[in-house]
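Trainee: Below you'll find the structure I mean.
Each value in this text was obtained by applying a stated rule to the coordinates, not by laboratory testing. Computed from a predicted model, the values in this text were never measured in an experiment. All Cβ positions, glycine included, derive from the backbone under ideal geometry; neighbour counts span all protein chains shown.
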Amino acid sequence: MEENENKFEVVSSKTLRNDFKPSNGFGKNVLLPFFSGIAGCALVIGTCFGIPSVKEKIIGEVTVNSTVETSIPSGSTTNLISLSSYSNTAVFAANKILPSIVGIQVTYTTTTNSFFGFGMPSTSEATASGSGIIISEDGYIVTNNHVVDTSSSNSSYSYYSISDATSVKVKLYNSDELYDAKIIGKDSQTDLAILKIEKTGLTAAEFADSDDVTVGEFAMAVGSPLGLDTTVTTGIVSAVNREVESDGTTYVCIQTDAAINSGNSGGALVNSDGKVIGINTLKLSGTGVEGIGFAIPINSTLDVIDDLIEYNKVLRPYIGINGIDLTDSIVEKYKLSSLGVYVQSVENFSPAEKAGLQAGDIIVKADGTEIKTVDELNNIKNSHNIGDTMTLTINRNGKESDITITLEETP
């Protein structure tokens, strides 16, 4: 029975050939399979040896069905990285930078003041944490100034005050040992500080050229957020040359969406090669804010780092005035002669006093460039070296004149 069923399946094609009606079993069982086999062989041979109509039809259908259209990305990108390589990129970058990242633990003395003159002040210890980057094999570490300097934050109130750091300790990668660190120098204007531990044979981080950083490239933030040592988070560079103001100081930063949290300050932002492109410093927080962090470009820190190591401070030229930005409303209200930087006071024995600058003068230009803010004045001033001369155009009682100032080192 099974044999008849199998045959039925094979020869059911006889319905296509009604003109072929063999009269006996020999034709049915022998001739029909024989001629069918010959026809099949002819079709195969014809396809293999070039019957054009058959060959083109079969190959043409295969070609159409197997063709996949691909789009070529346009733009200036020269190196395209497959998503399958993303994990390996992160692993490589992490392994490269982690030995150069440290955790920082800072201890302060907190004094609680008495209320309304009753009782005695009490003292206790307070701690803070941050991150740092090893920059030399003999123990120099760069971090943020606000990690080790309480004066750079709102740490003093009417009911309590916090002393300078009484202890700074550093924890190295893959080690539970804490090393005493000395603060070599710190600078509030750039929010940078240099620490030193007595340890050699350390792995110094490699610096990239942060001027070459582009929007969209891989970025990894490394540090000790919330006390979690050697934590890495990844993202991209969201923006470059982003101006951010914090505590009255304007920073030009690299923006990233790599997660940055408390304790990440002073840690590294690195590229896909594990090289430092910035020092993690700030983040935006609040309802509806997510993935907005900022790092100081490493190129802008190099001269500061050198000065802090050599001189324990940053050598900057200074003019010696206290000034405020004039707005249209202030000019109109006080009937002033022009916009610019209003000189509130001139420091004694300063370059400004020696050059004849006076309180009430309005600085309208610096080295021929029109200015309206103190930041613009400082940017031009900071482009000079100590000992350089700088020309200020001032408006005094409605008349403009030029004053040449010889810049000196900030006292």
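Trainee: So how do Met120, Met220 line up by other beta-carbon neighbours within 10 Å, fewest first?
Mentor: Met120, Met220
Trainee: Determine, for each peptide in 164-172, 101-109, the mean count of other beta carbons within 10 angstrom over its residues, then list the peptides with the highest first. Mind showing how you got there, number by number?
Mentor: Numbers: 164-172: 17.6, 101-109: 21.8.
For the peptides 164-172, 101-109, the packing ranking is 101-109, 164-172.
Trainee: Sticking with this one: Can you tell me the order of 285-291, 126-132 when each peptide is scored by its average per-residue count of other Cβ atoms within 10 angstrom, highest first?
Mentor: Those peptides, ordered most packed to least, come out 126-132, 285-291.
Trainee: Skipping prolines and chain starts, which residues have an amide H placed within reach, meaning under 5 Å, of the one on Ser246, given they are 5 or more residues away or on another chain?
Mentor: Tyr251
Trainee: What are the ³J(HN,Hα) values, in whole Hz, obtained from phi via the Karplus relation 6.51 cos²θ - 1.76 cosθ + 1.60 with θ = phi - 60°, for each residue of segment 244-252 in sequence order, with x given for Gly and Pro?
Mentor: 10, 9, 9, 6, x, 10, 9, 10, 9
Trainee: Putting +1 on Lys and Arg Cβ atoms and -1 on Asp and Glu Cβ atoms, find which of Val213, Val240, Ser285 reaches farthest to the positive end of the dipole of segment 210-311.
Mentor: Result: Ser285.
Trainee: If you don't mind, there's one more thing I want to ask. Under a point spin-label approximation (7 Å from Cα along Cα-to-Cβ), what is the Asp273-Asp325 distance to one decimal in nm?
Mentor: That separation, rounded to one decimal, is 3.8 nm.
Trainee: Modelled label-to-label distance, Ile236 and Glu400, 7 Å Cα→beta-carbon offset: nm?
Mentor: The modelled label-to-label distance comes out at 4.6 nm.
Trainee: Moving to a separate point now. Quick check on packing: order 254-260, 331-337, 178-184, 304-310 by the mean number of other C-beta atoms within 10 Å, highest mean leading.
Mentor: The peptides rank, most packed first, as 254-260, 304-310, 178-184, 331-337.
Trainee: Calculate, in nm to one decimal, what Thr214 and Glu243 gain on full extension: separation in residues at 0.36 nm each, minus their alpha carbon distance.
Mentor: 8.8 nm is the gain from fully extending Thr214 to Glu243.
Trainee: Moving on. Stretched out fully, how many nm does the piece from Leu178 to Thr200 gain, at 0.36 nm a residue minus the Cα gap?
Mentor: Full extension from Leu178 to Thr200 adds 6.5 nm.
Trainee: Report, in whole Å, the centroid distance computed from the Cα atoms of segment 192-210 and segment 343-373.
Mentor: Using only Cα atoms to place each centre, the spacing works out to 39 Å.
Trainee: Grab the Cα-Cα distance for Thr112 and Asp388, subtract it from 0.36 nm times how many residues apart they are, and report the gain in nm with one decimal. Provide the component values of the computation, followed by the final result.
Mentor: Working: separation 276, 0.36 × 276 = 99.36 nm, distance 4.76 nm.
Taking 0.36 nm per residue and subtracting the Cα distance, the gain is 94.6 nm.
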